[in-house]
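Shown next, in structure tokens, is the structure this report addresses.
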Amino acid sequence: MTNTQPENQPASRQDLLDFFASLSINTKTHDHEAVFTVDESHKIKQDLPGGHTKNLFLKDKKGNVILVVCINDTEVDLKSFHKKYACGRVSFGNADLLWERLGVRPGSVTPFALFNDRNEHKVQLVLDSHLLEWELLNFHPLENTATTAIARDDLLAFFKATGHEPTIVKLEKTEEAV
């Protein structure tokens with residue numbers, strides 16, 4: 001599939017959905033009011049089947065950019081994250097870096113934004129192992145005014161098509177990390 005958006009212009013929701021179609025990936029998108037946090041999304045989740053997620057856009061002290069994808073109630077200990085995933089100590093990436101690397105704004109962080117990194121592969125992908133227990137998963141389609149449901153295996157096919165090999169890590173806090 002050719003890239004139809006102008007250079008340095010991130011993909012639109014329709015570009016993403018067209019990419020899914022080109023890969024024969026079926027998704028279902030539900031429009032809703034904008035949500036910016038996991039807490040704000042609770043009323044939307046009750047009407048949508050599947051695993052609901054949160055996505056953390058991180059950078060480490062070495063300058064690596066990492067997208068962490070997990071089920072929404074997963075407790076991620078950022079202080080010990082570098083021990084589970086071989087990287088430097090991490091902090092949240094800022095809005096400018098988020099826009100530069102993934103082409104989305106805060107509140108719209110999603111693994112689907114890897115579509116905007118499919119040529120340069122500057123973002124590392126980390127999936128929580130519990131995420132893969134769900135057959136159906138829900139994410140924003142590059143904007144926080146909708147939620148798109150995708151089958152787990154189709155999500156993995158999407159990652160492959162964008163050139164992002166996920167690292168799977170158990171992210172829940174352990175007793176020693178508390």
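The values are calculated or read from the model by the stated rules, or taken from the named source; none is laboratory data. What you are looking at is a predicted structure, and each value in this text was computed from that prediction instead of being measured. Neighbour counts run over all protein chains shown; Cβ positions are idealised from the backbone, glycine included. What goes into the accessible areas is simple: the full protein's heavy atoms, side chains included, and nothing from ligands, DNA or RNA. Shrake-Rupley method; radii C 1.70, N 1.55, O 1.52, S 1.80 Å.
Would you kindly state how much longer the chain becomes between Thr145 and Lys61 on full extension, computed as 0.36 nm times their sequence separation minus their alpha carbon distance, in nm to one decimal?
27.0 nm
Run the simple label-point estimate for Glu133 and His121 please: 7 Å along Cα→C-beta, distance reported in nm.
The modelled label-to-label distance comes out at 3.1 nm.
Which peptide among 56-65, 107-116 comes first, and what is the full order, when sorted by highest mean count of other Cβ atoms within 10 Å?
By packing density, highest mean first, the sequence is 107-116, 56-65.
Residue separation times 0.36 nm, minus the C-alpha to C-alpha distance between Arg89 and Ala21: what's the value?
Gain on stretching Arg89 to Ala21: 20.7 nm.
Which whole-number percent is the relative contact order of the chain (Cα, under 8 Å, 6+ apart)?
Over the chain, the number comes to 29 percent.
Report D for the chain in µm² per second (integer): Stokes-Einstein, Kirkwood Rh on Cα pairs, 4 °C, 1.567 mPa s.
It comes out at roughly 79 µm²/s.
What 222 nm value per residue comes from the helices of the chain, counting each DSSP H run with n ≥ 4 as -39,500 (n - 2.57) and dividing by all residues, nearest 500 deg cm²/dmol?
Dividing the helical sum by the residues of the chain leaves -5500 deg cm²/dmol.
If you count only protein heavy atoms and use a 1.4 Å probe, how large is the accessible surface of His121, to the nearest 10 Å²?
90 Å²
Please report, for the Cα atoms of the range 41-118, the Rg to one decimal and the Dmax as a whole number; what are they, in angstrom?
13.4, 41
Solvent-accessible area per residue for the chain at a 1.4 Å probe radius, Å²?
Per residue, the chain has 53 Å² of solvent-accessible surface.
Out of Trp134, Ile66, Leu114, whose Cα points farthest toward the positive end of the dipole of the range 20-142 (charges: +1 Lys, Arg; -1 Asp, Glu; placed on Cβ)?
Ile66
What are the residues whose amide H is under 5 Å from the amide H of Thr53, where those residues sit 5 or more places off or on another chain and H is modelled from the backbone?
The list, which skips near neighbours in sequence, is Asn72, Asn138.
In the chain, carbon and sulfur make up what percent of the accessible area (probe 1.4 Å)?
The value for the chain is 46 percent carbon and sulfur by accessible area.
Bin all alpha-carbon pair distances of the range 89-155 at 10 Å intervals from 0 and give each bin's fraction as a whole percent.
19, 48, 31, 1
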